[in-house]
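Below you'll find the structure, written out as structure tokens, and then a few comments.
All of the numbers you see were taken from the coordinates with simple rules; none came from a lab. This one's a predicted model, so the numbers in the text were calculated from it and none came from an experiment. When we count neighbours, we look across all protein chains shown, and the Cβ atoms used for this are built from the backbone with ideal geometry, even at glycine.
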Amino acid sequence: MPSIFIDIARLALIIVGLAVLFSQVWGANVAGLFAALGVTSIVIGLAIQNAVGPVVAGLLLLFEQPFTLGDWLESPVVRGRVVEVNWRAVHIDTGNGIQVVPNAQLAAAAFTNLSRVGENAHKAKAELQFAVQDPPVDVIRVVTETAQGLPMVARGGTVSVSPGAEGVYAVSIPVASPADDGGAKSLLLQRLWYASRRAGLHLDDAPDDDFDSLERRTAAASVVSAALKISGDDLVRVAEPSRLVRTRPALARRFGEAIDSRRESVRTAQAEATAQTPSMLPVG
């Protein structure tokens, strides 16, 4: 219950207690005093009803409690997380500071409590621009796979991608909380930069990527030439059918760890095979 209602109840108890004290101890006639106060209160209320109206509306909003601390609200004037509620205003953390919104303003306007929705109902939405010549089927596949792999995606949620005009695609990502909205969009753009180039797509209408050139493939093959025991023309023959792709650092590290693990497995198998091979000793 809001603290103002407790204060009003406390004040009423004090007034009643004083009235009983005056009546019982000094024999004062408090009935006439209460009647005079009642008439005076009506006159004052009619005179200041325009000023008191918003305050009363705010109090009713607090009494109804359509939101609590920690809930995310979205209204025409603010969007953020509720961090404090009192009898006069609601303090909302917008991410760029604390915005103080009067209760009467929220009571008079429609707002959405983003925290009181069904499971996977909140969605982070973004618009992506691809080149017009990019096949929509490939774009939808790459964007869906990339977005579905984000750690912010709510359990059981399904990403949806809708094509629009002139290479614009609308992406809807189900997230567990509105707090994950910005992080999901940012991480999607980071991962999609690599994924789109691997697929030969043009995010933000970017020009063709010359990363996978023969010169780069030959240079990459020369790095492992000692381990592969190749040189000269063999480097070119290895580089021509190969392909260089861009990948984010985390995947590159995982790929390197997988190679090291397989290499160690091969070495272990070779050592075991050598140990099990019988020695050939000369006879006679």
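On full extension, the segment bounded by residue 160 and residue 177 gains 4.4 nm, given 0.36 nm per residue less the C-alpha separation.
Taking amide H atoms as placed 1.01 Å from N in the peptide plane, the amide H of residue 124 lies under 5 Å from those of 173, 175, each 5 or more residues away in sequence or on another chain. Can you tell me the FRET efficiency between residue 94 and residue 15 if r is taken as the Cβ-Cβ distance and R0 is 51 Å, rounded to the nearest 0.05? My answer for the efficiency is 0.75. Computed from backbone phi with θ = phi - 60° and the Karplus coefficients 6.51, -1.76 and 1.60, the 3J(HN,Hα) list for the range 107-115 is 5, 8, 10, 7, 9, 10, 8, 6, 8 Hz; x is used for glycine and proline. Sorting 128, 192 from the fewest to the most surrounding beta carbons within 10 angstrom yields 128, 192.
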